[in-house]
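Novice: Sending over a structure as structure tokens; questions will come in a sec.
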Amino acid sequence: MNCLMKSEEAKKVSSWKLFLTFMKLGLFSFGGGAAMLMLIKEEIVTKKGWMSEEELAEMVGLSESTPGPIAINLATYLGYRKHGFLGALCATLGVMVPTFLIMFIVSMFFRNLMQYEPVQYAFIGVKCAVVFLILRVAFSLAKQVKSSSFAVILFLIVAILMILFHYLNIDFSAIYFILIGLFLGLLVYSLIIPLTQKHKEEVKK
Amino acid sequence: MIFLRLFLEFLKIGLFTFGGGYGMIPLVRETVLKNGWMSESEFINMIGLSEVTPGPIAINMATYVGSLQGSASSLGAFGGFLGSLIATIAVILPAFIVMLIFSIFLKKFGEQKHIKNALKGINPVAIALIMSTALILLSDVLFPINTTGSVSVSFNRTSIFIFLLIAFIYLIITKVLKKKAHPIFMICLGALLGLVVNYINLI
């Protein structure tokens, strides 16, 4: 009983503190989600003890099934648990505000910078690095696809169609592909596979 | 009206992005090209900037596009601020609302059978979108296709050279030295190589 009360007590964190903590996470994470995850683990799990490592792993899995950036998902979830709606709002704003302000300032200056020759030259190289980084992420993600033949076929068809549509100038939004994937996932795993299994069982009987 | 447009487009992007920042790249690319907000070259530069600035790439991109489009409106610099704020809020709103609903009502949302099944279809598609976008960007940067007049493929020798150098250095760092290559390091390396190769006229 005492233990339970203690854990209830430990749950409360002020909105201001949530805002500051997530602001720090937003400010010190460069280069996207994976880098941020390391930082979150250190700050939220190790230092603050706001959630256990298992909970964080569960949370990351959950973030993959909800839309949007993982940082925002986590901020909203943890903020809500620690201080209700206000906590969720403050934690989410914490991630957003510094990122937003810095990028806004960069956007104001960058356009003027691009008229200088050295900057243009540097960005020829930056473009190559960006393409390399995206390719690297794409290939490491593609390794996950191997799990089932359904996933592999879907992956290949969508990738080939996307590239074909690009070169043939066919206007077909990526959103439709996502919706088709959602539909096919439900069709195959919620309908066809359970039905065929039922059928097999009946045959056995 | 540009501000409403920004809001709706980025709301859509926020809603249909699964699995983190890189999942957003295909949708943002499609949106800025379709609306004529950016050229492909400007888009790739923006990703480079997003990599070296802090925070989630999704927010970086929304802020940047919003600022660019807003400041082109009649409101000037204030329009830029307003545009970037609107786009940024729009891109995180779906994540915020979905996550809030989940926190309030269902604890084990991710373990719902049908949601898991739908994701088995969404995940390969989302990864295929990133892969095809990566390949399209690669071919556009290294082998730009000239569509004005007769269609012809050209070889961007400088970019091919820099790209191969980056790949080579990356392999040495990760395979030989067994160290990690941070995205910021890779972007800075690209900038340095861009300067060196162009000024020394290496190629």
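No value in this document is a laboratory result; all are computed from the given coordinates. From a predicted model like this one, the values you see are computed outputs, not experimental measurements. Note: ideal-geometry Cβ built from the backbone for every residue, glycine included; neighbour counts use all protein chains shown.
Novice: Treat the count of other C-beta atoms within 10 Å as a stand-in for reagent exposure and order B:Lys175, A:Lys82 from fewest to most.
Specialist: Numbers: B:Lys175 9, A:Lys82 22.
Exposure proxy ranking, most exposed first: B:Lys175, A:Lys82.
Novice: Moving on. Can you sort B:Ile127, A:Ile70 so the residue with the fewest Cβ neighbours within 10 Å comes first? Spell out each step's value before the answer.
Specialist: Numbers: B:Ile127 28, A:Ile70 25.
Lowest count first: A:Ile70, B:Ile127.
Novice: Between A:Lys24 and A:Lys200, what length comes free when the chain is fully extended (0.36 nm per residue of separation minus the Cα-Cα distance, one decimal in nm)? Don't skip to the end; give the middle numbers.
Specialist: Details: separation 176, 0.36 × 176 = 63.36 nm, distance 5.57 nm.
Going from the current span to full extension adds 57.8 nm.
Novice: May I ask you to compute the full-extension gain from B:Leu164 to B:Ile104, defined as 0.36 nm times their residue separation minus their alpha-carbon distance, rounded to one decimal in nm? Display every interim value, and only then the final one.
Specialist: Numbers: separation 60, 0.36 × 60 = 21.60 nm, distance 5.01 nm.
So the chain would gain 16.6 nm between B:Leu164 and B:Ile104.
Novice: What is the mean number of Cβ atoms from other protein chains located within 10 Å of the Cβ atom of each residue in peptide B:179-192, rounded to a whole number? Don't jump to the answer; show the numbers that get you there.
Specialist: Values: counts 0, 0, 3, 3, 10, 3, 2, 8, 9, 4, 5, 12, 9, 4.
Per residue, the number of nearby Cβ atoms from other chains is 5 on average.
Novice: Order of A:Met38, B:Met24 from fewest to most other C-beta atoms within 10 Å?
Specialist: Numbers: A:Met38 10, B:Met24 28.
Least crowded to most crowded, the residues run A:Met38, B:Met24.
Novice: For chain A, set up a GNM with springs between Cα atoms under 10 Å and report which of A:Lys17, A:Lys127, A:Lys146 has the largest fluctuation.
Specialist: A:Lys146
Novice: Let me ask something additional. Please state the relative contact order of chain A as a whole percent: Cα pairs under 8 Å, 6+ residues apart?
Specialist: Details: 123 pairs, mean separation 38.7, N = 205.
Worked out over chain A, it gives 19 percent.
Novice: According to the square roots a ≥ b ≥ c of the eigenvalues of the Cα gyration tensor, what is the shape class of region B:2-152, taking rounded for a/c under 1.5, prolate for a/b larger than b/c otherwise, and oblate for the remainder? Walk me through the numbers before you get to the answer.
Specialist: Values: a/c = 2.38, a/b = 1.26, b/c = 1.89.
Note, shape of region B:2-152 comes out oblate.
Novice: Still on this structure, I have one more. Contact order normalised by length for chain B, with contacts defined as Cα pairs under 8 Å and 6 or more residues apart; what percent is it? Show your work: numbers first, answer last.
Specialist: Numbers: 188 pairs, mean separation 38.3, N = 203.
It comes to 19 percent, rounded to a whole number.
Novice: Moving on. Summarise the partner chain shielding of A:109-120 as one whole number: the mean count of Cβ atoms from other chains within 10 Å of each residue's Cβ. Working shown, then result.
Specialist: Numbers: counts 0, 7, 4, 0, 0, 2, 0, 0, 3, 5, 4, 3.
Mean number of neighbouring Cβ atoms from other chains: 2.
Novice: Strictly over 22 Å apart at the Cα level, which of A:Lys24/A:Lys127; A:Lys24/A:Lys48; A:Lys41/B:Lys12; A:Lys24/B:Lys12 would you flag in this model?
Specialist: Distance filter (> 22 Å) returns A:Lys24/A:Lys127; A:Lys41/B:Lys12; A:Lys24/B:Lys12.
Novice: Continuing with the same structure: What are the ³J(HN,Hα) values, in whole Hz, obtained from phi via the Karplus relation 6.51 cos²θ - 1.76 cosθ + 1.60 with θ = phi - 60°, for each residue of region B:128-135 in sequence order, with x given for Gly and Pro?
Specialist: Coupling constants for region B:128-135: 4, 5, 5, 4, 5, 5, 4, 5 Hz.
Novice: How high is the relative contact order of region B:29-149, in percent, counting Cα pairs under 8 Å that sit 6 or more residues apart?
Specialist: Numbers: 76 pairs, mean separation 14.8, N = 121.
Contact order relative to length: 12 percent.
Novice: Once you have a ≥ b ≥ c as the square roots of the Cα gyration tensor eigenvalues for region A:124-204, tell me rounded if a/c is under 1.5, and otherwise prolate or oblate according to whether a/b is larger than b/c. Before the final figure, lay out each step's value.
Specialist: Numbers: a/c = 3.84, a/b = 2.11, b/c = 1.82.
Prolate, because a/c is 1.5 or more and a/b exceeds b/c.
Novice: Using θ = phi - 60° and the Karplus curve 6.51 cos²θ - 1.76 cosθ + 1.60, what whole-Hz ³J(HN,Hα) does each residue of region B:161-178 get, with Gly and Pro shown as x?
Specialist: The phi angles translate into 4, 5, 4, 5, 4, 4, 4, 5, 5, 4, 5, 4, 5, 7, 8, 8, 7, 6 Hz.
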